[in-house]
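Working notes, beginning with the structure itself.
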């Protein structure tokens with residue numbers, strides 16, 4: 001996920017870094033490390049950002065437009081993900097990255 005997209009989405013919504021950090025309940029210093037690409041934010045943090053703005057995870061990827069998520073605040077998947085510990089979230093993120101690498105376009109390019 002692109003930290004630059006995070007900044008774009010924040011600005012699209014007219015928020016300062018301070019305001020968004022407060023809404024996400026994270027220290028301003030931590031939030032700034034995401035936007036400045038000092039650290040890569042975690043999958044759980046990305047979910048929090050998407051949940052706050054009501055957007056899809058794809059919206060966070062470089063080159064993607066911001067798409068509103070077709071979910072409700074009581075969405076069971078987000079509720080479930082919020083209960084997972086960091087180890088499980090990291091494992092899920094690694095799995096999603098592998099699946100992304102094996103997208104149909106890439107798989108079709110390797111067929112004979």
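Values quoted throughout were computed directly from the atomic coordinates according to the rules given, and no laboratory measurement underlies them. All figures in this text were calculated on a predicted structure; none of them were measured in a lab. When we count neighbours, we look across all protein chains shown, and the Cβ atoms used for this are built from the backbone with ideal geometry, even at glycine.
Side notes on the structure shown:
- Neighbour-count order for 12, 22, fewest beta carbons within 10 angstrom listed first: 12, 22
- Cβ crowding within 10 Å averaged over residues, with 45-56, 30-41 ranked highest first: 45-56, 30-41
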